[in-house]
Amino acid sequence: MKKNNIEILAPAGSFESLEAAICAGANSIYLGGKNFSARASANNFDNEELIRAVKYAHLRNVKIFVVVNILLDDKEIEEALKFCEFLYNIDVDAVILQDLGFSALVKKFIPDLEIHASTQMAVNNLHGAITLKNLGFKRIVLARETEMEDVIAIRENTDLEIEMFIHGALCVSFSGECLMSSMIGGRSGNRGNCAQPCRKSYKVLDKNFKDLGKKGYLISPMDLNSLNNIDKIIELGVDSMKIEGRLKRPEYVYQVVSSYRKAIEHTLCKEDIENTRQIFNRGFTQGLPFGDFGNSFVSKERPDNRGVLIGEVIDKNREGIFVKLNEKISPGDGIEFLDDESQGFKADFEAKPSKKFFIKSKRNIKVGAKVYKTFSKELEDQIKENLKQSCNYRKIEMYCELKTGEYPILKVSSENYEAEYILEEKIQKAVNKPIDYEYVMHSLSKLGDSVFQLETIDVSMDENIFISKSSLNKLRREAIEKLNDKIIFKDNIKAEINYNNLTLNTLNSKNSVKLNVEVSDLDSLLKIDTGKVNKIYFHLDDLSHEVVDYLRSKKIEISAVFRKLQNSTELEKSIRVLKENQALIDEVVINNLSQISILENIPIKKVGDIGLNVFNSYSVEYLCNKGFDRVILSPELKSSQIQNIAKNYGDITEVISHGFIPVMTMVHCPMSVDIGCKNSDMCNNCKYSEGFYLEDSFNDKFFVRRKESVSEVFNAHPIMFSNQVKSLLKYGVKNIKLNLISDIEETINLYYAILNNLKTDVDDSKIRKKLTEKYGEVSLGHLNRGIL
């Protein structure tokens with residue numbers, strides 16, 4: 001087994017949470033500044049607080065990682081770089097990044113700043129890790145879907161540090177690949193403002209919109225809990241265990257960190273496990289890598305904290321209810337009664353475990369209702385007491401010289417740090433009472449509430465000398481202060497960025513406008529007039545014999561689209577399919593960072609798809625420098641942002657202008673909750689394999705397609721930019737993409753006519769009406785409104 005020096009990486013949304021995490025035994029803390037953070041609603045830290053946090057943590061032998069883990073607009077790049085420059089200069093240990101182009105800029109301008117790849121970069125296999133290694137990352141925060149075999153492969157084939165989530169809230173979608181919140185209400189998870197549509201209730205409809213009678217929180221994951229799997233995680237060779245929770249209270253942070261510290265040290269007891277559940281839980285799952293699926297992964301009944309089950313209502317009368325209690329209730333505890341609905345209150349009484357305890361209440365609480373303790377006053381008070389205790393985080397050694405007629409010298413050292421202070425006050429011979437050895441030792445060893453624990457002290461002193469107590473205190477205080485500075489501040493060469501070097505290349509020419517179409521099956525493929533289309537996008541893994549034979553007979557080349565989510569084995573299989581059909585394939589469409597490295601040495605044109613989250617000109621430039629032929633921009637961009645990118649990169653810029661946008665990509669299958677599936681083994685034989693809908697409380701219907709053990713959820717309303725395409729062309733956009741599942745011939749004719757300034761019999765309003773009748777409305781996506 002790997003030695004237990006694994007890092008516990010704790011969250012801090014406030015300074016109080018940072019203190020709690022360190023007190024509980026965290027090795028590192030991740031936190032956010034006031035901007036550029038994927039938890040925008042956390043308190044976060046201003047620049048002065050960041051300086052304070054670094055000083056506080058480094059003195060306690062704890063590292064600070066700062067998140068800059070959102071997609072960045074062109075206009076934010078310079079400010080974000082200045083922020084990273086500031087972070088480097090205050091000795092932050094690393095920054096956690098998502099944006100592809102910005103990551104390249106940070107590595108270029110601040111090469112000594114350690115960068116970690118956020119889980120928002122959506123990497124779950126060896127090939128993705130290699131891409132990030134080549135980009136200059138030192139650590140990868142694995143996607144929560146990463147399988148054990150891929151963790152081992154990354155450990156054995158790269159020198160990247162591996163960070164793995166072990167506890168807290170889970171995203172049901174592949175992180176960084178969820179557009180659902182932004183498409184519904186403009187709040188983007190990629191910008192730190194997710195509205196959490198996964199925590200809403202949905203009902204299931206079949207492909208014909210028939211209600212199947214299945215309803216609940218079908219895509220709301222339980223909280224991750226890895227306390228029972230710590231030894232397995234250590235055995236995997238993971239370097240850092242990450243706890244989610246920058247929005248959580250300090251007490252939560254303390255309890256969870258404390259439990260994992262004990263688990264690593266094999267001192268975890270039943271009470272710790274119970275306290276971890278009590279402090280907050282949505283129910284617990286071991287997570288996808290450890291085999292949980294369906295009902296062991298999501299909580300159909302409720303999406304929020306459920307506390308701890310402590311009893312049941314067994315009888316009632318006009319004055320109140322009788323409860324069978326398995327645990328005590330104390331004044332101040334939060335109590336919830338749950339049957340068809342939830343009713344909660346703060347207890348103002350004390351109760352011991354009882355077979356029949358009476359609670360006076362006028363509430364209409366049913367017999368059979370479950371009783372939960374959602375807040376434990378006793379646990380909270382105990383944690384608050386623990387947080388008051390001073391801790392020693394570093395051992396210190398002292399050596400002092402007190403010689404007659406010379407300046408007093410105190411040398412202090414801790415680990416690899418050393419400091420020396422010379423007091424400018426010469427030692428005098430004693431006139432009356434000389435100081436003794438014990439007096440000096442006592443004065444120098446008074447460390448108070450500092451972070452140090454005295455390990456050794458050696459004093460070399462002449463006889464019959466005198467030095468005042470205040471002078472000895474100053475000698476100790478100044479020496480430790482100098483040692484503190486050595487510990488806090490690295491000997492970095494300060495970063496100074498010349499922001500005039502942020503200029504972009506220009507790749508525009510007078511190339512003609514191109515129309516590209518994506519379809520998903522042979523029937524749709526047969527309807528395409530290839531004379532009107534520049535590229536046909538077709539998923540690589542859907543190249544059946546029938547499709548291949550048709551393409552060969554018509555001598556049609558296609559753009560082969562890779563999937564967003566594949567483990568290493570699946571990705572390598574796709575590469576074999578590509579090589580077998582390379583004569584038919586004009587180019588590949590890349591949806592994940594893993595595909596960049598594995599395709600690097602295959603001579604074929606490359607297109608960046610929306611899975612790469614290209615949100616600014618610098619990401620386009622990065623991919624252009626990697627030899628990409630085109631880049632499909634993020635659907636979260638508004639028109640002015642597209643215009644800003646297209647003014648330099650119009651030739652290689654592509655915009656999805658019609659059809660359905662995938663808004664979630666996930667291993668979880670919503671249907672598995674009701675069917676009772678334990679894994680994906682039966683997916684290919686499932687009667688719902690052709691798809692179904694999730695309907696929300698607003699009657700919006702999201703199509704779900706399950707293929708190759710992955711679910712893809714599509715936006716409820718198709719986008720249609722037919723009236724806006726000419727504006728896109730004026731911006732400089734040279735590539736328009738249609739995602740088509742219906743009205744294929746008419747839609748292609750419409751956009752072909754628009755792009756070529758032709759008169760057409762195709763009526764825009766008829767296509768719009770058909771889509772509206774079936775899907776409720778058509779959408780302009782983010783073209784006008786942008787995202788938060």
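Being under 30 Å from R187 (Cβ atoms), at pLDDT below 95 and either aliphatic (A, V, I, L, M) or crowded, with 17+ Cβ neighbours inside 10 Å (or both) is true for just one of V589, V673, V667. Which residue is that?
On the way: V589 fails: at pLDDT below 95; V667 fails: at pLDDT below 95.
Answer to the check: V673.
Can you pull out the residues in segment 730-788 that are among the small types (G, A, S), closer than 24 Å to V631 by Cα and not in a loop (DSSP other than H, G, I, E, B)?
Applying the first criterion (among the small types (G, A, S)) to segment 730-788 yields 732, 742, 753, 765, 776, 779, 781, 786.
This time we only want the ones that are closer than 24 Å to V631 by Cα, so: 732, 753, 779, 781, 786.
Selection gives A753, S779.
Considering only segment 442-557, give the helices (runs of 4 or more DSSP H) lying wholly within it that have at least 2 residues that are touching a strand residue (DSSP E or B) at 6+ places or on another chain (Cβ under 8 Å) and closer than 30 Å to K107 by Cα.
Numbers: elements: 469-488, 522-526, 545-554.
Output list reads 469-488.
Do you know which of the residues in segment 641-684 that are part of a helix (DSSP H, G or I) and without any contact (Cβ under 8 Å) to a residue 40 or more places away in the chain is farthest from the chain's Cα centre (by Cα)?
Let us first name the residues in segment 641-684 that are part of a helix (DSSP H, G or I), namely 641-652, 672-675, 683-684.
Then keep just the ones that are without any contact (Cβ under 8 Å) to a residue 40 or more places away in the chain; that gives 683-684.
Working: C683: 28, N684: 31 Å.
Checked segment 641-684; the qualifying residue farthest from the chain's Cα centre (by Cα) is N684.
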Go through segment 346-356 and report how many residues are in contact with a strand residue (DSSP E or B) (Cβ under 7 Å, 6 or more places away or on another chain) and open to solvent by 50 Å² or more (accessible area, probe 1.4 Å). 5
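Could you list, in sequence order, all residues of segment 78-124 that are closer than 17 Å to F65 by Cβ, outside any helix (DSSP H, G or I) and β-branched (V, I, T)? Explain how you work it out, then say what you get.
Filtering segment 78-124 for residues closer than 17 Å to F65 by Cβ gives 80, 83-99, 102-103, 106-107, 110, 112-121.
Checking the rest, the ones that are also outside any helix (DSSP H, G or I) come to 90-99, 110, 112-118.
Correct list: I90, V92, V95, I96, I110, I115.
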Report every pair of residues separated by at least 6 positions or lying on different chains whose Cβ atoms are under 8 Å apart, first residue within segment 331-346 and modelled with pLDDT of 90 or more, second assigned to a strand (DSSP E or B) and among the polar types (S, T, N, Q). G334/T374; I335/T374; E336/S342; E336/Q343; E336/T374; F337/Q343; G344/T374
Selection within segment 425-441 - open to solvent by less than 100 Å² (accessible area, probe 1.4 Å), touching an Asp or Glu at 6+ places or on another chain (Cβ under 9 Å) and not in a loop (DSSP other than H, G, I, E, B): I427
From (1) surrounded by 13 or more Cβ atoms within 10 Å (Cβ to Cβ); (2) hydrophobic (A, V, I, L, M, F, W, C); (3) touching a residue at least 40 places away in the same chain (Cβ under 8 Å), pick out the condition that doesn't hold for L525. (3)
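Can you tell me which residue in segment 366-422 is least open to solvent (accessible area, probe 1.4 Å), limited to those that are under 30 Å from K328 (Cβ atoms) and in a loop (DSSP other than H, G, I, E, B)? Can you show your working first?
Here is the first cut: in segment 366-422, the ones under 30 Å from K328 (Cβ atoms) are 366-389.
So of that shortlist, the ones also in a loop (DSSP other than H, G, I, E, B) come out as 366-369, 376, 389.
Values: K366: 97, V367: 81, G368: 33, A369: 0, S376: 16, Q389: 108 Å².
Once the filter is applied, the top-ranked residue is A369.
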Residue count, segment 285-314 (criterion: at negative phi and open to solvent by 40 Å² or more (accessible area, probe 1.4 Å)): 11
Being within 16 Å of L571 (Cβ to Cβ), within 16 Å of the chain's Cα centre (by Cα) and open to solvent by 10 Å² or more (accessible area, probe 1.4 Å) is the filter here; which residues of segment 132-152 pass it? E145
Of all residues making up segment 332-364, the number that are part of a loop (DSSP other than H, G, I, E, B) and touching a Lys or Arg at 6+ places or on another chain (Cβ under 7 Å): 5
Taking the stated definitions as given, is S568 under 27 Å from T146 (Cα atoms), touching a residue at least 60 places away in the same chain (Cβ under 8 Å) and small (G, A, S)? yes
Test each condition in (1) touching a strand residue (DSSP E or B) at 6+ places or on another chain (Cβ under 7 Å); (2) without any contact (Cβ under 8 Å) to a residue 60 or more places away in the chain; (3) not in a strand (DSSP E or B) for K687 and report the one that comes out false. (1)
Mind checking which residues of segment 575-629 are part of a helix (DSSP H, G or I), closer than 22 Å to K514 by Cα and aliphatic (A, V, I, L, M)? L584, I610, L612, V620, L623
Just a yes or no: is a residue in segment 117-131 over 16 Å from the mean Cα position of the chain (by Cα), farther than 30 Å from S574 by Cα and touching a residue at least 24 places away in the same chain (Cβ under 8 Å)? no
Selected residue [in contact (Cβ under 8 Å) with a residue 60 or more places away in the chain, under 29 Å from G186 (Cβ atoms), buried (at least 17 other Cβ atoms within 10 Å of the Cβ) and touching a helix residue (DSSP H, G or I) at 6+ places or on another chain (Cβ under 8 Å)] from L637, L694, L633: L637
Quick one: what pairs do we get from segment 748-776, first residue over 18 Å from V655 (Cβ atoms), second charged (D, E, K, R) and part of a helix (DSSP H, G or I), C-beta under 8 Å, 6+ apart or different chains? N749/K532; V762/E746; K766/E746; I767/E746
Pair list, Cβ under 7 Å, 6 or more apart: segment 352-378 residue touching a residue at least 40 places away in the same chain (Cβ under 8 Å), other residue of a type in the set (S, T, Y) and open to solvent by 80 Å² or more (accessible area, probe 1.4 Å): none
When you scan segment 595-607, do you find a residue that is open to solvent by 10 Å² or more (accessible area, probe 1.4 Å), among the basic types (K, R), under 20 Å from Q120 (Cα atoms) and modelled with pLDDT of 95 or more, even just one? no
Run down F562, F538 and say which single residue is over 27 Å from the mean Cα position of the chain (by Cα), within 17 Å of E654 (Cβ to Cβ) and crowded, with 19+ Cβ neighbours inside 10 Å. F538
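Taking the stated definitions as given, is L170 modelled with pLDDT of 95 or more, on the phi < 0 side of the Ramachandran plot, part of a loop (DSSP other than H, G, I, E, B) and open to solvent by 10 Å² or more (accessible area, probe 1.4 Å)? Steps first, please.
Values: modelled with pLDDT of 95 or more: yes; on the phi < 0 side of the Ramachandran plot: yes; part of a loop (DSSP other than H, G, I, E, B): yes; open to solvent by 10 Å² or more (accessible area, probe 1.4 Å): yes.
It is true that L170 is modelled with pLDDT of 95 or more, on the phi < 0 side of the Ramachandran plot, part of a loop (DSSP other than H, G, I, E, B) and open to solvent by 10 Å² or more (accessible area, probe 1.4 Å).
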Filter segment 713-735 for residues that are closer than 21 Å to V663 by Cβ and crowded, with 21+ Cβ neighbours inside 10 Å and give the result. V713, F714, N715, A716, H717, P718, I719, M720, F721
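Would you call K474 over 30 Å from Y751 (Cβ atoms) and surrounded by 15 or more Cβ atoms within 10 Å (Cβ to Cβ)? Quick ask: steps written out before the conclusion?
Details: over 30 Å from Y751 (Cβ atoms): yes; surrounded by 15 or more Cβ atoms within 10 Å (Cβ to Cβ): yes.
So K474 fits the description; yes.
The values are calculated or read from the model by the stated rules, or taken from the named source; none is laboratory data. Please read all numbers here as calculations on a predicted model, not as lab measurements. Cβ coordinates were reconstructed from backbone atoms using ideal geometry, including for glycine residues, and neighbour counts include every protein chain displayed. Keep in mind that these areas ignore ligands, DNA and RNA; they rest on the heavy atoms of the full protein, side chains included. Shrake-Rupley method; radii C 1.70, N 1.55, O 1.52, S 1.80 Å.
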